[in-house]
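Asks: Quick one: the structure is below, and I'll ask about it shortly.
The values are calculated or read from the model by the stated rules, or taken from the named source; none is laboratory data. Small disclaimer: the values here were computed from a predicted structure and weren't measured. Every residue, glycine as well, gets a Cβ built from its backbone with ideal geometry; the counts of neighbours run over all protein chains shown. Remember, those area values only see protein heavy atoms, side chains included, never the ligands or the DNA or RNA. Shrake-Rupley method; radii C 1.70, N 1.55, O 1.52, S 1.80 Å.
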Amino acid sequence: MISLYQLTFEEKWLKRAESLADHIIDKFWDSENGGFYFTDIGHEALITRTKDYFDNATPSGNSVAADVLVRLGALLERTDLSEKAVRLFASTGALLAQYPSGFGRLLEAIDFHLGPSKEVAVIVAGKEGHSFITAYRKRFLPRTVIAAGESGTIALLRDRTAIGGKSTAYVCENMTCLRPVTSVAEFENLIS
């Protein structure tokens, strides 16, 4: 859902991702040891509720969940999501130290969390807003999240405005923003 949001910038996808994150925390989270179980809390009684941590040909559910939690936490400014990811990281510490090659996707989430990571907010005012998004998409920026649209309900866009009626980009690091820019060339310098 985060990917759909960052592809379309339709707020409904971000809200859906947030709803699903809250759901998996409610139904699958191990509040005692951290991490996510493979079965939900309401599942029939099992001998044991397992957790999958290792990334194989497909990333584990815990790795994907950690990545989603740190990125959603940054986009929505929800520290509770980031804190869950940190607890998940801690729950894998011994395994991660012993078998780092088995945790490729989880290591990406840890890398994003430890940073430095960037948050990009593009306030779109007219067609030139798409030029900022195009410039952003031309680069490989694994430690970056982006929100685009009008200033409004998405935390990363809130309290940010279009300067002089022009599309404006805000590049932030750990929620501390640099001077906003209205030029795509200046934006490219900030994200490179």
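Asks: Pairs, please: C-beta under 7 Å, at least 6 apart or cross-chain, first residue surrounded by 13 or more Cβ atoms within 10 Å (Cβ to Cβ) and in the range 174-186, second part of a loop (DSSP other than H, G, I, E, B)?
Replies: Between residues of the range 174-186 that are surrounded by 13 or more Cβ atoms within 10 Å (Cβ to Cβ) and residues that are part of a loop (DSSP other than H, G, I, E, B), the close pairs are T182/K166; T182/S167.
Asks: Moving on to the next point. Modelled with pLDDT under 95, open to solvent by 70 Å² or more (accessible area, probe 1.4 Å) and either in contact with a Ser or Thr (Cβ under 9 Å, 6 or more places away or on another chain) or β-branched (V, I, T) (or both): is that true of R158 in this structure?
Replies: So R158 passes the test.
Asks: Give the residue, chosen from A97, A90, that is over 20 Å from the mean Cα position of the chain (by Cα) and either surrounded by fewer than 18 Cβ atoms within 10 Å (Cβ to Cβ) or modelled with pLDDT of 95 or more (or both).
Replies: Of A97, A90, the one residue that is over 20 Å from the mean Cα position of the chain (by Cα) and either surrounded by fewer than 18 Cβ atoms within 10 Å (Cβ to Cβ) or modelled with pLDDT of 95 or more (or both) is A97.
Asks: I'm trying to understand the selection: among the residues of the range 110-134, which are out of contact with any Lys or Arg (no Cβ under 6 Å at 6 or more places or on another chain), part of a helix (DSSP H, G or I) and under 18 Å from E173 (Cβ atoms)?
Replies: Scanning the range 110-134 gives I110, D111, H113, L114, F132.
Asks: Identify all residues within the range 143-159 that are more than 15 Å from L69 (Cα to Cα) and not hydrophobic (A, V, I, L, M, F, W, C); write none if there are none.
Replies: Matches in the range 143-159: G149, E150, S151, G152, T153, R158, D159.
Asks: Hey, does the range 139-147 have a residue that's touching a strand residue (DSSP E or B) at 6+ places or on another chain (Cβ under 8 Å), open to solvent by 60 Å² or more (accessible area, probe 1.4 Å) and in contact (Cβ under 8 Å) with a residue 24 or more places away in the chain?
Replies: yes
Asks: Which residues, taken from the range 54-73, are open to solvent by less than 30 Å² (accessible area, probe 1.4 Å) and modelled with pLDDT under 90?
Replies: Just the residues of the range 54-73 that are open to solvent by less than 30 Å² (accessible area, probe 1.4 Å), to begin with: 55, 60, 62-63, 65-67, 69-70, 72-73.
Of everything in the range 54-73, just one residue is open to solvent by less than 30 Å² (accessible area, probe 1.4 Å) and modelled with pLDDT under 90, namely D55.
Asks: Here is a list: S151, S101. Which entry is part of a loop (DSSP other than H, G, I, E, B) and of a type in the set (S, T, Y)?
Replies: Just one listed residue meets the conditions, S151.
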